[in-house]
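Report on the structure given below.
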Amino acid sequence: MDLQDRHVVVTGAARGIGAALARHFHAGGARVVVADIGDVSWVADELEHGVGVVADISTEAGNVALIEAAEEAFGPIDLFFANAGIGGGTDLESTTEEMWAKVFDINVNAHRWAAKHLLGGWLARGEGYFCSTASAAGLLAQIGSAPYTVTKRAAVAFAEWLSITYGDAGVRVSCLCPQGVNTDMLKAADDRGGVGAGAAVVRSAGLVLEPEEVAEIVAQAIAEERFLILPHPEVQTYMRRKADDPERWLGGMRKLQARVLDA
């Protein structure tokens, strides 16, 4: 998709990957709605053709309200980037039911709710683009966090289902699966047990990219309409190893977990 004169919505856009995506899409000629649970005016104010919307995408009503506000600002949405996501939770004993529900609502259900209320218009027009931010953890696993692993895997699966089901009707889908990115989530995880162990694994597994580097890779992938966006090429190698010999891969992950927890 050529983003010139297109209407793009980015959630989780107050900082990190979301803010970088919004700036990059705007630089490519798009009209951009930047959305987040908190104040996004400082990002929107940078964009000549940008609007900030405070939105709670952890509910269906919040997603509907965001779509309506975006359409009021710039008309029909061409590209919706479901970027908002959270970490949280560790193992089965320590993670509360409330945390499980919260992580599912933001990392998975928000994608489902947004697509549910966008598809009608896109199918009628014969085009539309849904992008989501999952994680390399959605293709592999996240040591230290069951909720993150499970919800990011579900986010990848939902994106695949959308592409399979509606790809021939003009709806294009991409799924961003980065490894280490220098965001507040990674920094915060460094300071916590459990998820912090996962952050140590991420840092040891490969280069930690800046959000702007990821945004540039994403923009190129959208121009090419590629489904799977891997800013860290080594993730594809890990995927092949996992597929070729699952038992060996699981054994290696257990050893890696033991080394991180003992460090």
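The values are calculated or read from the model by the stated rules, or taken from the named source; none is laboratory data. Since the model is a prediction, treat every value here as computed from it, not as a measurement. Note: ideal-geometry Cβ built from the backbone for every residue, glycine included; neighbour counts use all protein chains shown.
Residue-level check: of (1) buried (at least 20 other Cβ atoms within 10 Å of the Cβ); (2) more than 22 Å from Arg172 (Cβ to Cβ), Met99 misses just (1). Pairs meeting the criteria (first residue in segment 139-155 and buried (at least 23 other Cβ atoms within 10 Å of the Cβ) and assigned to a loop (DSSP other than H, G, I, E, B), second residue among the hydroxyl-bearing types (Ser, Thr, Tyr) and at pLDDT below 95, beta carbons under 8 Å, at least 6 apart or on different chains) are Gly144/Thr90; Ser145/Thr90.
Does segment 62-69 contain any residue that is modelled with pLDDT of 95 or more, farther than 25 Å from Gly121 by Cβ and buried (at least 17 other Cβ atoms within 10 Å of the Cβ)?
If we filter segment 62-69 for residues that are modelled with pLDDT of 95 or more, which is where we start, we get 62-69.
Remaining after also requiring farther than 25 Å from Gly121 by Cβ: none.
Within segment 62-69 (the criterion being modelled with pLDDT of 95 or more, farther than 25 Å from Gly121 by Cβ and buried (at least 17 other Cβ atoms within 10 Å of the Cβ)), the answer is no, since none of the residues qualifies.
On the stretch given as segment 22-32, residues that are farther than 27 Å from Phe104 by Cβ, part of a helix (DSSP H, G or I) and in contact with a helix residue (DSSP H, G or I) (Cβ under 8 Å, 6 or more places away or on another chain) total 3.
Those helices (runs of 4 or more DSSP H) of segment 47-129 in which 1 or more residues are closer than 27 Å to Ala20 by Cβ and over 20 Å from the mean Cα position of the chain (by Cα) occupy 60-74, 110-125.
For beta carbons closer than 8 Å, sequence separation of 6+ or different chains, a first residue in segment 233-248 that is β-branched (Val, Ile, Thr) and a second that is in a helix (DSSP H, G or I) and at pLDDT 95 or above, the qualifying pairs are Val235/Ala136.
In this structure, does Ile77 turn out to be touching a residue at least 12 places away in the same chain (Cβ under 8 Å), surrounded by 17 or more Cβ atoms within 10 Å (Cβ to Cβ), within 17 Å of Arg112 (Cα to Cα) and touching a His at 6+ places or on another chain (Cβ under 9 Å)? Break it down stepwise before answering.
On the way: touching a residue at least 12 places away in the same chain (Cβ under 8 Å): yes; surrounded by 17 or more Cβ atoms within 10 Å (Cβ to Cβ): yes; within 17 Å of Arg112 (Cα to Cα): yes; touching a His at 6+ places or on another chain (Cβ under 9 Å): yes.
Yes, satisfied.
Those helices (runs of 4 or more DSSP H) of segment 203-263 in which at least 2 residues are of a type in the set (Lys, Arg), considering only elements entirely within it, cover 234-244, 246-262. Going residue by residue through segment 103-110, is there one that turns out to be closer than 30 Å to Asp244 by Cα and in contact (Cβ under 8 Å) with a residue 60 or more places away in the chain? No, segment 103-110 contains no residue that is closer than 30 Å to Asp244 by Cα and in contact (Cβ under 8 Å) with a residue 60 or more places away in the chain.
Mind telling me which of the residues Ala35, Ala19, Ala14 ends up being among the small types (Gly, Ala, Ser), assigned to a helix (DSSP H, G or I) and crowded, with 16+ Cβ neighbours inside 10 Å?
Numbers: Ala35 fails: assigned to a helix (DSSP H, G or I); Ala14 fails: assigned to a helix (DSSP H, G or I).
Going through Ala35, Ala19, Ala14 in turn, the sole match is Ala19.
Kindly check whether there is at least one residue in segment 78-86 that is more than 28 Å from Asn182 (Cα to Cα) and among the small types (Gly, Ala, Ser). The answer is no, given that none of the residues of segment 78-86 is more than 28 Å from Asn182 (Cα to Cα) and among the small types (Gly, Ala, Ser).
Scanning segment 175-185 for residues that are at pLDDT below 70 and either within 22 Å of Ala159 (Cβ to Cβ) or not in a helix (DSSP H, G or I) (or both) returns a single hit, Met185.
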